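Data block below; observations after.
The values are calculated or read from the model by the stated rules, or taken from the named source; none is laboratory data. From a predicted model like this one, the values you see are computed outputs, not experimental measurements. Cβ sites come from the backbone with ideal geometry, for glycine too, and all protein chains shown count toward neighbours.
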Amino acid sequence: MEKFVVDPQGFFRVLWTSRQSQVATMVLHPGQQSSGGLEAHDADQVTYCLEGEGTVTADRGEVVLRRGRLLALKVPACCRVGPAPKSWLKTGTVYL
C-alpha cells in the first residue's frame, strides 16, 4: 500500500505506476493544452478536476471540466485537455 499527497506541481507528474495502471497529475496554465492534437491512450482513463476549469475535447465531443467533476473515457479514446481562458486547470488522472 502506498499513500500520496496530491498537490499538482509542474505540467505532468506520474505519482504511481503498476503493471496495469498509472496515477498522474497535470497542471495547465491559461492558454496551455495537454497536447497539440487529440492524444490516444492505450488505457481507460478517469480524470478528476482538482482546481480550475477547462475543456476536454475528445473524438466523441467536448465536455467542460470544473472543480469536483470527474470524466471517464473508455479505450479507444483520443482527447486533449485545456483550461478555460484566464484559468488554471489542475487534474488527477487514473489510467486503467
Strands (runs of 3 or more DSSP E) contained entirely in segment 48-96, each with at least 1 residues that are under 22 Å from TRP16 (Cα atoms): 70-73, 78-83, 89-95
Selected residue (only one of GLN9, GLN20 is of a type outside the set (D, E, K, R), farther than 18 Å from VAL94 by Cβ and either more than 11 Å from the chain's Cα centre (by Cα) or not in a strand (DSSP E or B) (or both)): GLN9
Quick check on LEU28: is it surrounded by 12 or more Cβ atoms within 10 Å (Cβ to Cβ) and over 17 Å from TRP88 (Cα atoms)? no
Which pairs do you get when a residue that is farther than 18 Å from ALA72 by Cα, found in segment 27-43, comes within reach of a residue that is outside any loop (DSSP other than H, G, I, E, B) and of a type in the set (Gly, Ala, Ser), reach meaning Cβ atoms under 6 angstrom, with the pair 6+ apart or on two chains? GLN33/GLY82
State whether one or more residues within segment 71-78 are surrounded by 14 or more Cβ atoms within 10 Å (Cβ to Cβ) and in contact with a Ser or Thr (Cβ under 8 Å, 6 or more places away or on another chain). yes
Quick one: in segment 1-22, of everything that is aliphatic (A, V, I, L, M) and at pLDDT below 90, which residue is surrounded by the most Cβ atoms within 10 Å (Cβ to Cβ)? VAL6
